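The values are calculated or read from the model by the stated rules, or taken from the named source; none is laboratory data. Computed from a predicted model, the values in this text were never measured in an experiment. Note: ideal-geometry Cβ built from the backbone for every residue, glycine included; neighbour counts use all protein chains shown.
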Amino acid sequence: MKNKDLLQIAEDFGSPVYVYDSAKISSQYKRLTSAFKNVKNLKINYAVKALSNINILKLLKNLGSGLDTVSIQEIKLGLEAGVTPDKIIYTPNGVSMEELEMAVELGVQINIDNLSVLEQFGTKFPKTPVCIRINPHVMAGGNTNISVGHIDSKFGISIHQMPHLLRIVENTKMNINGIHMHTGSDILDVEVFLYASEILFDAAKNFKDLEFLDFGSGFKVPYHENDISTNVEEFGKKLSKRFNQFCNTYGKELTLTFEPGKFLVSEAGYFLVKVNSVKQTTSTVFAQVDSGFNHFIRPMFYGTQHEIMNITHPTKHKRFYSVVGYICETDTFANNKPIPEISEGDILAFKNAGAYCFSMASNYNARFKPAEVLWHNDEAKLIRKRETFEDLLHNQVEVDL
Ligand SMILES: *Cc1c(COP(=O)(O)O)cnc(C)c1O
């Protein structure tokens, strides 16, 4: 997207506003599928939790994507977007049996990551095919909050519990049609991913009726120029070769599945805010914007460093700023960042604001959640209205006091 397009959107729709470039989502989707072009059956299931606006789900459906979901509500959003149940996988963690039963009724692929749940489920629904989420105990992921494959993780069934797992499958006569792993987000090293894949292949040998192997996600996207990111092409080449070998020895063409969130939508997103004030203190210059971690929590929660553009004055000489929000507690987006000189009223754009940004927004400080705009075929389309005061009161019940 061009600077002037973003600026026009801020003018037409106000700030703060999230903007998503549909062409970037398509090109990322195509980049991933072409990296694995040597695999006969490839399936991409977009991880809905990254960005769950229904128009984004429709866009991905039109590209041929399925969905990876973690709650009943995400499944329902997917169905609402027109994705059929056979293209939806449900990978919950720590949910009730009632929620799993609802997912069975909705007809989606179930993925189970707990032995006690597996036993209960297999006893109740011996005919429903189930995928098993294993924990390969590989330390991967960019941050302790998003690294989920290690030994202390609550996710997956430990590969060391394979004998118990196999006994449950034998006792219940359930049908295991897939093996899954997801070791975490922001994996930097292709070799670590390939090492974890070997553990998945090893686990898969124990099951006769598999249809797919799901390698989860964890692709790292760049946050600035020269930032490290997963070399998808190299990874595609290496894993495809190994996967095809495995299918040969297994005696069946399995489907290779991925479930990326961040890789597909992170770089497509921009978060536009307006500078309310520029405040000089004894130690720094603050640029205070009309938003906060209520709308955009990644810098505070994960320590992410998002590139910030001054789209009103992109060519001014750079000065150092601390960019902060309006929430009444420490609310820092960036410290000591060189940004083209900021005047009050300028519009700033945060990059990489597609994944885990709007989907983690809250109403803290009784603020409205921002609007969302899709940039599609050179046209800006409003895909979520900014909230209003009625929305804040919507579910509150006033009682006589
Ligand atoms: C969050 C999640 C993903 C997506 O991870 P990204 O890093 O956004 O690609 C995939 N699979 C599962 C099971 C997840 O929980």
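Residue check: is GLY251 buried (at least 24 other Cβ atoms within 10 Å of the Cβ) and either within 16 Å of the ligand (Cβ to nearest atom) or modelled with pLDDT of 95 or more (or both)?
The answer is no for GLY251.
When the range 193-221 is limited to residues that are closer than 30 Å to GLN305 by Cα and surrounded by fewer than 17 Cβ atoms within 10 Å (Cβ to Cβ), the one that is nearest to the chain's Cα centre (by Cα) turns out to be LEU194. Of the listed requirements (1) in contact with a Leu (Cβ under 7 Å, 6 or more places away or on another chain); (2) of a type in the set (Phe, Trp, Tyr); (3) closer than 24 Å to PHE263 by Cβ, PHE121 misses just one: (3). For the range 92-107, the set of residues classified as over 23 Å from ALA203 (Cα atoms) and in a loop (DSSP other than H, G, I, E, B) consists of VAL95, SER96, GLY107, listed by residue number.
Residue-by-condition table, conditions (1) crowded, with 19+ Cβ neighbours inside 10 Å; (2) of a type in the set (Ser, Thr, Tyr); (3) over 30 Å from VAL273 (Cα atoms):
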{"residue": "TYR46", "(1), (2), (3)": "yes, yes, no"}
{"residue": "LEU59", "(1), (2), (3)": "yes, no, no"}
{"residue": "LEU63", "(1), (2), (3)": "no, no, yes"}
{"residue": "GLU74", "(1), (2), (3)": "yes, no, no"}
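Only residues that are more than 21 Å from GLY269 (Cβ to Cβ) and either buried (at least 21 other Cβ atoms within 10 Å of the Cβ) or of a type in the set (D, E, K, R) (or both) were counted in the range 325-352, giving 4.
Counting only strands (runs of 3 or more DSSP E) that sit wholly inside the range 284-401, not one has at least 1 residues that are within 16 Å of the ligand (Cβ to nearest atom) and in the same structural domain as ASN53 (by TED's automatic domain parsing).
A search for C-beta distances below 9 Å between a residue of the range 53-81 that is closer than 23 Å to ALA23 by Cα and assigned by TED's automatic domain parsing to the domain that holds ARG133 and any residue that is assigned to a loop (DSSP other than H, G, I, E, B) and among the acidic types (Asp, Glu), counting only pairs 6+ apart in sequence or on different chains, returns GLY66/GLU259; LEU67/GLU259; ASP68/GLU259. Within the option set THR304, THR315, THR388, THR281, being of a type in the set (S, T, N, Q) and closer than 25 Å to ALA23 by Cα holds for one residue only, THR304. Looking at the range 108-129 only, could you name the residues that are under 23 Å from the mean Cα position of the chain (by Cα) and not polar (S, T, N, Q)? Selection gives VAL108, ILE110, ILE112, ASP113. Residues in the range 117-136 that are touching a residue at least 40 places away in the same chain (Cβ under 8 Å) and not in a strand (DSSP E or B): LEU118, GLU119, PHE121, GLY122, THR123, PHE125, PRO126, LYS127, THR128, PRO129, PRO136. Here is a list of conditions, (1) surrounded by fewer than 19 Cβ atoms within 10 Å (Cβ to Cβ); (2) in contact (Cβ under 8 Å) with a residue 40 or more places away in the chain; (3) touching a strand residue (DSSP E or B) at 6+ places or on another chain (Cβ under 6 Å), and ILE297 meets all of them except one; can you say which number that is? Tallying (1) surrounded by fewer than 19 Cβ atoms within 10 Å (Cβ to Cβ); (2) in contact (Cβ under 8 Å) with a residue 40 or more places away in the chain; (3) touching a strand residue (DSSP E or B) at 6+ places or on another chain (Cβ under 6 Å), ILE297 fails exactly one: (3).
Once the range 34-91 is narrowed to residues that are in a helix (DSSP H, G or I) and of a type in the set (Val, Ile, Thr), the residue that is farthest from the ligand (Cβ to nearest atom) is ILE54.
The condition of being at pLDDT 95 or above, within 27 Å of the chain's Cα centre (by Cα) and charged (D, E, K, R) does not hold for LYS316. If the condition is being modelled with pLDDT of 90 or more and outside any helix (DSSP H, G or I), then the range 155-181 contributes GLY156, ILE157, SER158, LYS173, MET174, ASN175, ILE176, ASN177, GLY178, ILE179, HIS180, MET181.
Restricting GLU225, GLU211 to residues that are of a type outside the set (A, V, I, L, M) and at pLDDT below 95 narrows the list to GLU225.
Inside the range 268-288, residues that are touching a residue at least 40 places away in the same chain (Cβ under 8 Å) and out of contact with any Pro (no Cβ under 8 Å at 6 or more places or on another chain) make up a count of 9.
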